[in-house]
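Structure first, then comments.
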């Protein structure tokens with residue numbers, strides 16, 4: 001089964017998360033497939049930049065609760081996006097939840113349509129946005145992040161742009177491509193060496209957070225997912241009922 005659909009246009013490789021039946025949940029196989037596709041792009045001298053997008057109405061629903069990736073695998077995927085020597089641009093025209101927000105934060109540029117919605121839903125199922133905080137904390141407004149991570153509230157593309165989660169919000173789905181067009185043309189006109197070294201400068205602080213905190217946050221994520229509260233939260237979510245702590 002194909003989990004990542006790949007297309008290329010004038011040196012820009014598009015990687016589409018292609019598991020709409022699971023709302024592009026980050027399963028162990030999908031995470032592995034995306035990591036492999038990114039590694040291929042990194043080795044290909046004909047690829048100038050990567051667009052990360054999706055099929056269906058959801059960019060990613062976050063971790064697949066039935067077949068989740070190991071926390072270490074998710075850390076490695078996020079780091080691969082940050083470290084890739086080519087810019088990674090997210091194109092979002094659907095919903096993004098939990099771990100999917102980590103993918104956006106790891107990308108260098110992100111554009112979303114008004115159809116997109118965002119939520120850090122981890123607290124609703126008894127866990128925390130531990131691993132995804134590695135790229136999120138250096139790039140997102142801390143006050144806004146505190147609100148949305150603690151409450152699990154949904155917010156729209158305009159708010160995502162205001163707080164730095166995405167670069168820009170288009171007026172409609174077609175407008176997203178209009179916003180992306182000059183970005184991609186600019187990347188095509190840039191020297192590969194210059195892009196790689198400029199990205200290295202821009203991501204240095206993000207990679208510092210990985211070097212400093214990845215091991216601790218991986219352990220935290222594993223501990224929380226194995227906890228009784230997380231088991232209750234995930235069971236409630238899959239059963240479409242409120243967890244026991246809801247008041």
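Compared with the dominant principal axis of the Cα atoms in the chain, helix 228-239 is inclined by about 80°. Over the C-alpha trace of the range 1-71, radius of gyration and Dmax come out as 12.4, 38 angstrom. Panel order for 53, 2, by other beta carbons found within 10 Å of each beta carbon, from fewest to most: 2, 53.
Where does helix 204-225 land angle-wise versus the long Cα axis of the chain, in degrees 0 to 90, nearest 10? It is inclined by approximately 30 degrees.
In Å³ and rounded to a whole number, note down the convex hull volume per residue for the Cα atoms of the chain. List each step's numbers first, then the result.
Working: hull volume 28.9 nm³, N = 247.
Considering the Cα atoms of the chain, their hull volume per residue is 117 Å³.
For the chain, the longest principal axis of the alpha carbon atoms and the long axis of helix 28-43 meet at an angle near 20°.
Grab the DSSP H runs of the chain that are 4 residues or longer, score each as -39,500 (n - 2.57), total them, divide by all residues and round the 222 nm result to the nearest 500 deg cm²/dmol. Walk me through the numbers before you get to the answer.
Values: 10 runs with 121 residues, N = 247.
Theoretical 222 nm ellipticity from helices: -15000 deg cm²/dmol.
Give, as ranges by residue number, the residues of the range 157-191 whose backbone N falls under 18 Å from the point 7 Å along Cα→Cβ of residue 46. Label zone hits: 188-189.
Could you work out the relative contact order of the chain? I mean the mean sequence separation of Cα pairs under 8 Å and 6+ apart, divided by the number of residues, in percent.
Numbers: 473 pairs, mean separation 45.6, N = 247.
After rounding, I find 18 percent.
Note on the chain: GNM, Cα springs under 10 Å; of 228, 129, 20, the largest mean-square fluctuation is that of 228. In this calculation the C-beta distance from residue 154 to residue 223 is compared with R0 = 25 Å, giving a FRET efficiency of 0.35.
Throughout, read-outs are computed from the coordinates displayed, never taken from laboratory work. Quantities reported herein were computed from a predicted structural model and do not represent experimental measurements. All Cβ positions, even for glycine, are placed from backbone atoms using ideal geometry, and neighbour counts span all protein chains on display.
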